[in-house]
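**Q** For reference, the structure I am asking about is given below.
The values are calculated or read from the model by the stated rules, or taken from the named source; none is laboratory data. Just so it is clear, the model here is predicted, and its values are computed rather than measured. Cβ placement follows ideal geometry from the backbone for every residue including glycine, while neighbour counts extend to all protein chains displayed. SASA here: full protein model, heavy atoms, side chains in, ligands and nucleic acids out. Shrake-Rupley method; radii C 1.70, N 1.55, O 1.52, S 1.80 Å.
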Amino acid sequence: MKGLPHCCLGLLLATVLLQPAFAVDVRGVRVWAGPDNTRVVVDLSGSAQHNLTVLHNPERVVLDVPGARLGKGARRPPAGAGAVKQVRMSRNPSGNLRVVLDLSRPTQAKSFLTRPNAHYGYRLVIDLGAAAPARADKPIKAKHAPSDARDLIIAVDAGHGGEDPGAIGKNGTREKDIVLAIARELAGRINAEPGMRAMLTRNGDYFVPLRDRMRRARAQQADLFVSIHADSIRDRSIDGSSVYILSQRGATDEASRWLAERENASDLIGGVSLDDKDDVLASVLLDLSQSASLNASQVAAERVLHSLTQAGEVRKHEVQQARFMVLKSPDIPSMLVETAYISNPQEELRLRTAAQQARLAAAIHHGVHDYFYANPPMGTRIAQLAAGRSARPVLATSAGAGGTGE
């Protein structure tokens, strides 16, 4: 630095050395609100450490990210939603980036860092839930079942949602939007049939954690869990539907988890508590429940696959098995339906049409209907209808009303 006095040069060098070395940029902040939870997502340019603190009077959550700074796209905070009244961002004297979430009510908060995927880079995720343990949803009251019978409850799960778009087609079609439309159509058809009621694990554009989807179905005492998806693969020529149930390995892993946490599993197996049972008895009870659930899942999935085969192209003509998290409920027969390959340009265009969505929903409904009329649970309206009819009742072909929501 020719021409500068030594004192000025030293001051300049000290100033440069004292400037913080920013390890990561915050590229954006997004807020997603659902009926029960609010999710805040902080998009980052790289991995980062963070600290999360919940404060009271007033209620707020404080996120500190050492060595971070606001990128150009993140300097305007997003609008509040759900439990978040407003978002404030600043850099404190220690050099940490601070994000403050002003809350409208007390919450429990948890945070985690996610690694990059096909759609996003690194993300810090903050989930805000109720401060007190959530009251279990009241089971759906059957509207058209006589006093001595009950309606079947079908949990219809639209995959992904909120900040998780799922697969994205070549023309920008998002899986989360397509499967929600199909799920609503399926719920409408189920609700239009005497003896059956549908509940949707999500009925809007928000993310529901995978285990929460299972919990919601169990809180409603669901008789069947059907998760709707649209697959993606590199080979864009591949098309067709597939139906999955839980693999035996996945069932074994889940049984181990339930047994390890059996003090919290008091409502498993039709109300039989595991917390006062020894290890051997608890294992036997859980194995019996899970084996029955897997067997029922296989039979129900075969019916749905057969119905999809009649409706159009099926890629895999046998029920597949995989370790999908949402299929791991030990006491509810569960299946996951990959309705089509959104990565196939022709299938993507068809999936965008109401006619194709209705066609797929109708096929799944037919399979569910056939399964329960062939295997009606005792004490249900369907059992009475099946016993009183020698032929299957005619199913409605038009779209029903929307689902029941949460």
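**Q** So how exposed is residue 177, as accessible area in Å² (1.4 Å probe, rounded to 10)?
**A** For residue 177, the solvent-accessible surface is approximately 70 Å².
**Q** If you count only protein heavy atoms and use a 1.4 Å probe, how large is the accessible surface of residue 59, to the nearest 10 Å²?
**A** Around 40 Å² of this residue is reachable by solvent.
**Q** Still on this structure, please answer the following. When the Cα centres of the stretch 323-348 and the stretch 201-234 are compared, how far apart do they sit, in Å?
**A** Centre-to-centre (Cα) distance: 10 Å.
**Q** Moving on. Can you pull the accessible area of residue 212 for me, 1.4 Å probe, Å² to the nearest 10?
**A** Counting only protein heavy atoms, the figure is 30 Å².
**Q** Which of the pairs 110/316; 110/170; 176/316; 85/110; 110/328 have their Cα atoms more than 28 Å apart in this structure?
**A** The answer is 110/316; 110/170.
**Q** Per residue, how much accessible surface does the stretch 156-217 expose to a 1.4 Å probe? Answer in Å², no decimals.
**A** Numbers: 1670 Å² over 62 residues.
Ligands and nucleic acids excluded, the result is 27 Å² per residue.
**Q** Now for a separate question. Counting only heavy atoms of the protein chains, get the accessible area per residue of the stretch 21-127 (1.4 Å probe) and round it to a whole Å² value.
**A** 52 Å²
**Q** So, with +1 on the Cβ of K and R and -1 on the Cβ of D and E, and no other charges, what is the size of the charge dipole of the stretch 321-385 about its Cα centre, to the nearest 20 debye? Working shown, then result.
**A** Working: 6 positive and 5 negative charges, 18 e Å.
So the dipole magnitude of the stretch 321-385 works out to roughly 80 debye.
**Q** Another one. Counting only protein heavy atoms and using a 1.4 Å probe, what share of the accessible area of the stretch 23-87 belongs to carbon plus sulfur, as a whole percent?
**A** Percent of accessible area from carbon and sulfur atoms in the stretch 23-87: 44.
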